[in-house]
Ligand SMILES: [Fe+2]
Ligand SMILES: [Fe+2]
């Protein structure tokens with residue numbers, strides 16, 4: 001399948017609103033990739049596909065994860081919002097036959113981040129925060145951070161996620177905390 005066929009698939013699988021979001025993330029990912037030296041076409045593809053499982057029923061998301069041997073941790077069980085990223089990465093491999101680990105990981109970690117993210121992972125993580133239709137409080141600061149550099153924006157995204165979840169009394173995925181800690185410690189070491 002080429003990217004136009006993937007766009008069509010996403011159009012069919014998602015609501016109009018989330019399809020528009022996905023296309024905006026794809027365009028933003030390509031732009032960020034061009035700026036930071038990641039592969040723009042891979043970035044666009046990962047952006048198109050990143051929310052492929054977002055509107056699938058929870059049972060379907062669980063089923064595809066279980067089918068590929070993923071054992072959910074307690075935090076993951078308790079945070080349904082994370083499922084679509086894990087399930088999406090499996091969908092890319094099992095259903096779409098995508099083998100590129102960079103694209104698969106960019107989808108897999110677009111919600112939590114993780115330690116030592118690849119450039120492509122960072123690009124999609126940030127693009128998801130600043131895509132054209134986003135309007136939450138703080139989005140302009142996030143866009144400014146992205147102008148200053150990709151890492152800056154990843155860190156801002158992690159801080160936003162950790163604050164947002166803790167304020168709501170929700171669990172925080174260890175990958176997000178590890179990513180945050182590593183970046184902060186690297187900064188102190190500079
Ligand atoms: Fe997502
Ligand atoms: Fe998204």
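All of the numbers you see were taken from the coordinates with simple rules; none came from a lab. Treat the numbers as computed from the prediction; the structure is a model and nothing was measured. Backbone-built Cβ (ideal geometry, glycine too); neighbour counts: all protein chains shown.
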Could you put 41, 115 in order, starting from the residue whose Cβ has the fewest other Cβ atoms within 10 Å? 41, 115
Ranking 15, 131, 29, 22 by Cβ neighbours within 10 Å, fewest first, what do you get? 15, 131, 22, 29
Considering every Cα-Cα pair within the stretch 39-107, what fraction, in whole percent, is farther apart than 14 Å? 55 percent
For the chain, what does -39500 (n - 2.57) per DSSP helix run (n ≥ 4), summed and divided by total residues, give at 222 nm, in deg cm²/dmol to the nearest 500? -21500 deg cm²/dmol
Using the Kirkwood formula on the Cα atoms of the stretch 1-155, what hydrodynamic radius do you get, in angstrom to one decimal? 15.5 Å
Please compute the modelled spin-label separation between residue 66 and residue 178, points set 7 Å along Cα→Cβ, answer in nm with one decimal. 2.6 nm
Relative contact order, percent, of the chain when contacts are C-alpha pairs under 8 Å separated by at least 6 residues? 21 percent
